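These notes concern the structure reproduced below.
The values are calculated or read from the model by the stated rules, or taken from the named source; none is laboratory data. Because the structure is a prediction, the values reported are computed rather than measured. A quick note on method: Cβ atoms are made from the backbone with ideal geometry, for glycine too, and the neighbour counts reach across all protein chains shown. Remember, those area values only see protein heavy atoms, side chains included, never the ligands or the DNA or RNA. Shrake-Rupley method; radii C 1.70, N 1.55, O 1.52, S 1.80 Å.
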Amino acid sequence: GGEPLVNINIVKYLSTILKQNANNLGIDFGIELITNGLLLTEELVDFLLKCDLEWIKVTLDGDKEIHNRMKPSKNELIDGTYQIIMNNLKVLKGKVPFIIGSNYNNKVKDRLPFLYDDLKKNGFRKKDIKEIAFKPILGFPGHKEKSDHHIEACTFSETDVEVFTWLTNEVK
């Protein structure tokens, strides 16, 4: 859990040690990175590629407007995180395959196709994106009854199959 790139030195250290040990033991090794994308740099990806980085999953929860509302920047001088993440992805395009992950609820789902359009406008093609994955925002058991504040969340059993099918078609 959490953002792995807040401690890049540990990520580099572990990647190096694990790759060396796997090589010494004759074990296949690969790195798969899941990140919010804010701290992705070309220098880091180049380093991890030498340690057999296979793909990077980055979460973008909708288009710029919705993503920035769902994941605002802690820095008041920055208008959200979407453009920072998109710029990082554009710099790295072609170096490593990306998985684009999106979490959705009723407020987000209708804006996901705009994200897919924006990826295309920013020059991303099928070869750049290994997969587009989306899933409903999941609450903890009993969240609707136990929460002091409103959580718009669901379980997979509450997922509208028509919405899921529609999003699948939008990705295609």
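Below are the figures for this structure:
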{"quantity": "Helix-derived mean residue ellipticity, 222 nm - over the chain, DSSP H n ≥ 4, -39500 (n - 2.57), to 500", "calculated": "-12000 deg cm²/dmol"}
{"quantity": "For the chain, diffusion coefficient by Stokes-Einstein and Kirkwood Rh (Cα), 10 °C, 1.306 mPa s, µm²/s", "calculated": "90 µm²/s"}
{"quantity": "Fraction of beta bridges assigned by DSSP in the chain that are antiparallel (%, nearest 5)", "calculated": "0 percent"}
{"quantity": "Sparse-neighbourhood loop sites, trypsin sites (Lys or Arg not before Pro) in region 1-110 - DSSP loop, at most 10 other Cβ within 10 angstrom", "calculated": "K74"}
{"quantity": "The chain, dipole about Cα centre (Lys/Arg Cβ +1, Asp/Glu Cβ -1), debye to the nearest 20", "calculated": "420 debye"}
{"quantity": "Solvent-accessible heavy-atom area per residue, rounded to whole Å², over the chain at 1.4 Å", "calculated": "61 Å²"}
{"quantity": "Loop GluC sites (Glu not before Pro), region 1-84 (other Cβ atoms within 10 Å of the site Cβ: 16 or fewer; DSSP)", "calculated": "E76"}
{"quantity": "Surface share of carbon and sulfur [accessible, 1.4 angstrom probe, percent] for the chain", "calculated": "53 percent"}
{"quantity": "Contact order normalised by residue count of the chain, Cα under 8 Å, 6+ apart, percent", "calculated": "18 percent"}
